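J.: If you scroll down you'll find the structure; I have some questions about it.
The values are calculated or read from the model by the stated rules, or taken from the named source; none is laboratory data. Computed from a prediction, not measured in an experiment: that's the story for all the values here. Cβ placement follows ideal geometry from the backbone for every residue including glycine, while neighbour counts extend to all protein chains displayed.
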Amino acid sequence: FSRTRNELWTKGESSGNRLRVVAISTDCDRDTFLIRVQVEGAGVVCHLGTRSCFTQELQLPLQATSGQEIVR
């Protein structure tokens, strides 16, 4: 849902840059999904113009925040 447009939003609706689901897996607890996709269109997925939204690499070791420990 787009709060700025106040309407249901579909990825690639205006740009044509869509993600086609090719496989869905779950972990042993069945509380997490891994969804593998094929990029369709111009290959731009993120609103920043990149192929992925996951381009910010974190430096290790990570520091815990809010008193929570990081699971390794």
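J.: Return the total of residues in the range 1-33 being part of a loop (DSSP other than H, G, I, E, B), under 16 Å from the mean Cα position of the chain (by Cα) and more than 13 Å from VAL45 (Cα to Cα).
T.: Count: 3.
Listed here are the residues, each with its yes/no results for (1) in contact with a His (Cβ under 8 Å, 6 or more places away or on another chain); (2) surrounded by 10 or more Cβ atoms within 10 Å (Cβ to Cβ); (3) of a type in the set (A, V, I, L, M, F, W, C); (4) modelled with pLDDT under 85.
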| position | (1), (2), (3), (4) |
| --- | --- |
| PHE1 | no, no, yes, yes |
| LEU8 | no, no, yes, no |
| SER14 | no, no, no, yes |
| LEU19 | no, yes, yes, no |
| ILE24 | no, yes, yes, no |
| VAL39 | no, yes, yes, no |
| CYS46 | no, yes, yes, no |
| GLN56 | no, no, no, no |
| SER66 | no, no, no, yes |
